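Please read the structure below before turning to the comments.
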Amino acid sequence: MVALVTAAVSGPASAAARPGPARPGIARSAAPVARDLADVACRTARDCIAVDPLDSPTPVAEIWNGKAWHSVGVSLPAGTHHGSLDAVACPEASECVAVGEDFPDPVGGYNYALGDIWNGKAWAPTQLSESAETALAAVSCLSPKSCLAVGSENSPEGGYGNPIAYAWNGAKWVSLTVPPQSYDWSTAFTDVSCVAGRFCLVAGYSPTKSGALTTLLYRWNGRTWTALKPAAPPKGVTSLQLNYVSCASPTRCVAVGDGYRKAAAVAIAEVWNGRAWKVTAPIAWPKGATNPSPNGVSCATATSCLTTGSIDPNQKDDGITGRAAASVWNGRTWRATSVPAPGRGKASDFGGVTCLRPTFCAVVGSTEPYDGAPGTGSALSAFWNGKSWRLVSLK
């Protein structure tokens, strides 16, 4: 993605900030934390907004002023009991577009796709659907009058799942017709990145005949969808899902995700050159890292991208047990970065990320004591200056 177009971890509400679908063998930090941040968008290094994916009757967003974060309440549609925001993009200084889901029933029930516009002072919420269980996972904007939001629609009975997309024209949301899929269960869009040239790249997943999930990649030009074929995964890698995408231009995009090799999780990245996808050199993680899980990616330029996520999870624990990790792409290879621990005995997780330039990236996620009960953690943010990290915890 480019500077003010956030990707994407989803993506989606976040089991670990912006997750892909839950998958056996890949820990997704499913247990709740006291605070979590799903996604972040920055207009400048002193003006960022982050959104919280935890369902709440009074959801909040966080505003960064260059020194500290402060909370602002998020408005929900009339008659809504609780809701969450899972992704955000800021096309200009006076406007941000956030998406997620809201629930009219206090005990759960149906959830509806939610779009919320921030004008710098207040939120203007819109409930986008009442047809089924719908949720928006990601949003990307070219301007205040041109945004694309994507997610999924599921039947209340669990019989099907389809990808959905909505366009924001500055005044209202418009539902888009999405290409039909071969199988209408466990199918969803998870991330989107739009760049000048009317080019939007959308990622997601769909089942195969065997029931295993595989990657969906589409190009949207404002009028039509074009399916893109990902490169074949490296030898021995199965069930590859590229859930997060970022484009610096229509001919320079990076997609990241994970799959399996001999039952162990493996992180994979592919690059788009305008004609085809190619698997990159392996994503680099700290020496000895296990079960890496990318949760987002952002490209400031064609030769400067940052993917974020987590490593070393305890597969037998539903809480946050691993540690935050990130890797830098220079157009040829990946380089692991050294992410400091948020404190003695604390686990951490990176998710949504946005890079304004190679020397400024903002990342959000969460942290939790290794031996603490689920729900005892806090939100986490981090800033990358091209050489080192600075962590900032939120209460």
Report task. Taking GluC sites (Glu not before Pro) as candidate sites, keep only those in a DSSP loop with at most 14 other Cβ atoms within 10 Å, then name the longest stretch of the chain containing none of them. Result -> 158-395
Query - Among (1) -0.81, -1.27; (2) -0.99, -1.36; (3) -0.54, -1.15, the entry that matches log10 I(q)/I(0) by the Debye sum over Cα atoms at q = 0.10, 0.14 Å⁻¹ as calculated here - result: (3)
Report task. Would you mind finding the longest exposed-site-free stretch of the chain, with exposed chymotrypsin sites (Phe, Trp or Tyr not before Pro) meaning DSSP loop and at most 15 other Cβ atoms within 10 Å? Result -> 186-369
**Report entry** Farthest positive-ward along the stretch 39-394 dipole, Cα basis, beta-carbon charges - from L242, T337, V202
**Finding:** T337
Query raised in the report: In the structure displayed, which of K278/K346; K229/K262; K229/K346 lie more than 30 Å apart, Cα to Cα?
Result: K278/K346; K229/K346
Report summary line: For the stretch 182-239, the charge dipole (Cβ of Lys, Arg +1; Cβ of Asp, Glu -1; about the Cα centre) points to a positive end, and the Cα of T214, S186, W225 closest to that extreme belongs to W225
Report summary line: Residues S310, S186, S381 in order from fewest to most other beta-carbon atoms within 10 Å are S186, S381, S310
Report task. Just subtract the alpha-carbon distance of T177 and A281 from 0.36 nm times their residue separation and send over the number in nm, one decimal. Result -> 33.9 nm
**Report entry** Cβ charges +1 (Lys, Arg) and -1 (Asp, Glu), total dipole of the stretch 39-394, debye
**Finding:** 1960
Requested in this report: Please go through the stretch 229-333 and write out the trypsin sites (Lys or Arg not before Pro) that DSSP classes as loop and that have at most 16 other C-beta atoms within 10 Å.
Outcome: K235, K262, R275, K287, K316, R332
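Laboratory data are not the source of any read-out in this text; all were calculated from the coordinates shown. Only a predicted model underlies this, so the values are computations on that prediction, with no experimental measurement involved. All Cβ positions, glycine included, derive from the backbone under ideal geometry; neighbour counts span all protein chains shown.
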